[in-house]
Amino acid sequence: MLARAVVDAVQAVGGHAGGVYLRSGTEGLLLMAALTGVPGPLFRPWWRMHVNRPFPVAEAYRSGHSVYLPDAETAMTRFPQLMAGLPFPFASLYEPVSAGSERFGVLLVLRATTPGVPVGTADREGLRAASDRLAGELAALAAAGTPVVWDGAPLEVPPPVRAVGPREALDRLAQAVLSVDRQGRIGYANTSAETLLGLAEPKLRGQDLWEALPWLNHPAYEDYFRAVFLAGDPVHFPIRSGRHAPGDWLSVSLYPGPDGVTVTIGTAEPPPYSPASAVLPGAGLGSPADRAAALYRPVALAIALSEAVTARQVSAVVTDELLPAFGGRQLAIYLLNERHLHLAWETGFPKGFLDRFDGVALDVRLPGVETLTSGRPMFFESMEHLAAAYPGIPLDAHVGARAFLPLIASGRPVGSCILGFDAPRGFSPEERTVLTALAGLIAQALERAQRYDSEAALARGLQAGLLPHRLPVREHVATVGRYLPGSVGMDVGGDWYDVIETGPTTLALVIGDVQGHGVAAAATMGQLRSAVRAFALSGNTPDQVLGGTNRLLIDLDPGQFASCCYVLLDWESGTALAVRAGHPQPLLRHADGRTEVLDLPGGVVLGIDADAGYPVTELRMAPGAVLALYTDGLVEKPGTDIDVGVERLRVALAAARPAPLTEMADRLVSEAGDSADRPDDIALLLASRTDGADAVLSPRAATKQR
């Protein structure tokens, strides 16, 4: 089904490649399920796509609308991250695969660019028809009870095979000529190619190009093949195969077509640039040809670093972007703290090897220290060179190369970065320049992350001091509160809850959410919590409490607004008076387990309109019933309607054991709290009457204005 869909889509719009993304077992993650026209492993970085990322596949899925990018200029304007990773002239079309309200994934097609010419109506309709056919088939599977999710690598769909040209004409050439299909498999090799590779053409046929020519299977040359499989222009570059005598060079040319790529290989003169880097290439900038393809790497790293918030996220970005770009295998980042360097991140080194260098002072003679104190990067093309420059230094390997980069931002030392390579290699002037510049970007990102971590720690401390350390204990009512900070950026918001003893038999249950994050939101939260307590303890009715708090927030003018829900409960009689200011509706779990979303009328959020009114709803609460107040972080997820989250919470509350209340609270926050990309913080307040009344909690027929 998937194979037919991608082939139909490609043919419908005259494309040369295509694929389909489907939902995976991980919420918010799309996986490429089928692919045709390009070698799958060459595009492994794009197999996974989070729906909240700024890429066209994710936008098509989130919005449910088509995305058409007829040329590179349009793609760069709308999706700069896409072009930073794939800086080639190609067109791409994305069509969501939906049946009614059910969204299964996205169908995509790659084709030749048409600068300034939008995608035509016939192509739009053709791609939409292919998407609708696939959506109908997937909907039928779903209706039959088959889960429509994809986990694992994509299915590689061979494109239709066409006959190649006459062998005789190609055999007259001294150059090796290979015909490779769009999956990267050899379909034809002339006599010179047989001689070069030492294999007869029948044995070469069907082999993966990079298996037959292992010296092409190196990150240094991946950009050339990406360019030729995506764009329509030929690509030429020199290469040292390792099969020839010293000084022998080969020239490789790639000529793309609708059905594949023609590869020609001939002899060449040694290049005039930086021979050491070219003989033992990294994925760097050793040649003029390398420069054009590699210019996007600093851009890609800069974009990724701009999204990293914490020092750990910055280090992860460097691991994901910098190491593959230059063919590195080891990375270590040390941060400066009180004239000592402390290990903040490592990957690829033997376990425990770097522990001996953790906390070294700035007067110790080590390359990681001296690169920072001198401000100069240090490059060692072999481990022998490193050992000779620093006699007696412990080495984690006897073969390889190392680069030590100072991390300096705005003239202030931040730390040092170590890049490790498994084999000796040269570092061309271009590579040294780019690595030094990238080290400056990393240093700025780390400095920003350290400031952010300091502010986040201050906000956490402020919020921890403002939230109640314990809740009142009463014989006939139980209350439990929970708070979790957001995991994205490890920032702190303005969520709060409170339980206030307003009389001998009454408790005020309060929950609120200040817009924004950080110290300002936490400080505003503290002001609002104090205001609500003051108004509540002064004997005001619930609508007067929210009205007074609203006017106070407007007078303070912090540039923020807040939502709030306030319930005044008489635990002896079971009467409750509830008001709501732009806050999510509370949930009720009856004693028999039946759970509903309460429909309380409310006013606008606090801090907007000084004359706003807040209608009061009178409720009654029976023994065993549980009232749940929560902030939107518990129910809201990127790309998902908040009503879906509320329903998920209602089902979880219904399924939770009624006692003890602490276990119920832990269960409700556990699923959202375990998420690795939770953008908002969570506050939850549960209240339950244990005895003393005979009514259930339900809104009265009439809503009273108080």
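Structure data summary
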quantity: Heavy-atom accessible surface of the stretch 596-666: percent carbon and sulfur, 1.4 Å; calculated: 53
quantity: Estimated distance in nm for a label pair at His342 and Tyr390, the labels positioned 7 Å out from Cα along Cα-to-Cβ; calculated: 2.1
quantity: In order through the stretch 15-24: 3J(HN,Hα) via Karplus (6.51 cos²θ - 1.76 cosθ + 1.60), integer Hz, x for Gly, Pro; calculated: x, 10, 7, x, x, 9, 9, 10, 4, 10
quantity: Accessible-area composition of the stretch 550-589, carbon plus sulfur, in percent [1.4 Å probe]; calculated: 51
quantity: Inter-site label distance for Ala142 and Ala610 at 7 Å from Cα along Cβ, in nm; calculated: 5.1
quantity: Theoretical FRET efficiency, 1/(1+(r/R0)^6), r = Cβ-Cβ of Ala534 and Ala174, R0 56 Å, to 0.05; calculated: 0.05
quantity: Glu647 versus His236: modelled label distance in nm, points set 7 Å from Cα along the beta carbon direction; calculated: 6.1
quantity: Amide H within-cut-off set for Ala17, under 5 Å, with H built and near neighbours excluded; calculated: Leu110
quantity: The stretch 4-55: chymotrypsin sites (Phe, Trp or Tyr not before Pro) in DSSP loop, at most 16 other beta carbons within 10 Å; calculated: none
quantity: Solvent-accessible area per residue, Å², over the stretch 1-137 with all protein chains present [probe radius 1.4 Å]; calculated: 38
quantity: Added length on full extension, which subtracts the Cα-Cα distance from 0.36 nm per residue, Met76 to Asp422; calculated: 121.0 nm
quantity: Derived scalar couplings ³J(HN,Hα) [the stretch 4-14; Karplus, 6.51 cos²θ - 1.76 cosθ + 1.60; whole Hz; x for Gly, Pro]; calculated: 5, 5, 5, 5, 4, 5, 4, 5, 5, 10, x
quantity: Efficiency of FRET from Cβ geometry, Glu596 and His218, R₀ 60 Å, rounded to 0.05; calculated: 0.45
quantity: Met378, Met49, ranked by accessible area, largest first (probe 1.4 Å); calculated: Met378, Met49
quantity: Karplus-derived HN-Hα couplings along the stretch 52-60 (A = 6.51, B = -1.76, C = 1.60, θ = phi - 60°), whole Hz, x at Gly and Pro; calculated: 9, 8, x, 10, x, 4, 5, 5, 4
quantity: Carbon and sulfur %, accessible surface of the stretch 1-54 computed with the full protein complex present, 1.4 Å; calculated: 54
quantity: Three-way shape call for the stretch 89-194 based on the alpha-carbon gyration tensor, with the a/c threshold at 1.5; calculated: prolate
quantity: Length released on extending from Thr662 to Glu211, taking residue separation times 0.36 nm less the Cα-Cα span; calculated: 156.5 nm
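The values are calculated or read from the model by the stated rules, or taken from the named source; none is laboratory data. What you see is a predicted model, and the numbers here were worked out from it, not measured in a lab. Note that we place each Cβ from the backbone using ideal geometry, even for glycine, and neighbour counts take in every protein chain shown. The area values use the complete protein model at the heavy-atom level, side chains included, leaving out ligands, DNA and RNA. Shrake-Rupley method; radii C 1.70, N 1.55, O 1.52, S 1.80 Å.
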